[in-house]
Amino acid sequence: LVQLVESGGGSVQAGGSLRLSCEASGYFYSSYSMAWFRQGPGKEREGVAAIDSDGDISYAESVKERFTVSQDNSKKTLYLQMNSLKPEDTAIYYCALRFGIPGEALDREYYNHWGQGTQVTVAS
């Protein structure tokens with residue numbers, strides 16, 4: 001049993017910054033992928049950034065050079081530092097987790113543990 005809880009969302013003006021956090025609790029395996037996804041109004045859920053137990057990091061092209069994904073020392077807290085925010089970044093941001101051999105880092109079908117999401121709103 002694993003629980004994921006996101007926090008840190010809010011409303012900012014274009015060009016602003018936010019840092020999202022995802023706290024994981026429960027049993028944790030040594031092999032995993034953790035990721036941030038987002039779903040904007042009228043859009044499908046899409047992968048934003050991911051990090052896995054092999055140390056590989058992936059970003060969507062739309063957020064490269066603006067967003068940074070990281071973990072704390074326990075590897076049970078996932079962060080997403082979001083800089084230079086744009087209105088198109090407006091979405092509910094979800095934390096996702098899958099245990100096992102890392103792969104399909106930004107594919108939503110790969111993940112089987114999800115948080116409830118945190119709203120990010122960027123005003124133009």
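The values are calculated or read from the model by the stated rules, or taken from the named source; none is laboratory data. It should be emphasised that the depicted structure is a prediction, and the values quoted were computed from it without experimental measurement. Reconstructed Cβ throughout: ideal geometry from the backbone, glycine too, with neighbour counts over all protein chains shown. Ligands, DNA and RNA are stripped out before the accessible areas are found, and what is left, the full protein with its side chains, is counted by its heavy atoms. Shrake-Rupley method; radii C 1.70, N 1.55, O 1.52, S 1.80 Å.
Can you tell me the accessible area per residue over the chain, all protein chains present, probe 1.4 angstrom, in square angstrom? Display every interim value, and only then the final one.
Values: 6490 Å² over 124 residues.
Result: 52 Å² per residue.
Which is the longest part of the chain that has none of the chymotrypsin sites (Phe, Trp or Tyr not before Pro) sitting in a DSSP loop with at most 15 other Cβ atoms within 10 Å? Mind showing how you got there, number by number?
On the way: sites that count: TYR27, PHE28, TYR29.
Formally, the longest exposed-site-free interval is 30-124.
Given a 1.4 angstrom probe, I'd like the percentage of the accessible area of the chain that is carbon and sulfur, rounded to a whole number. Present the calculation step by step, with values, prior to reporting the outcome.
Values: 2880 of 6490 Å².
With neighbouring chains kept in place, the figure for the chain is 44 percent.
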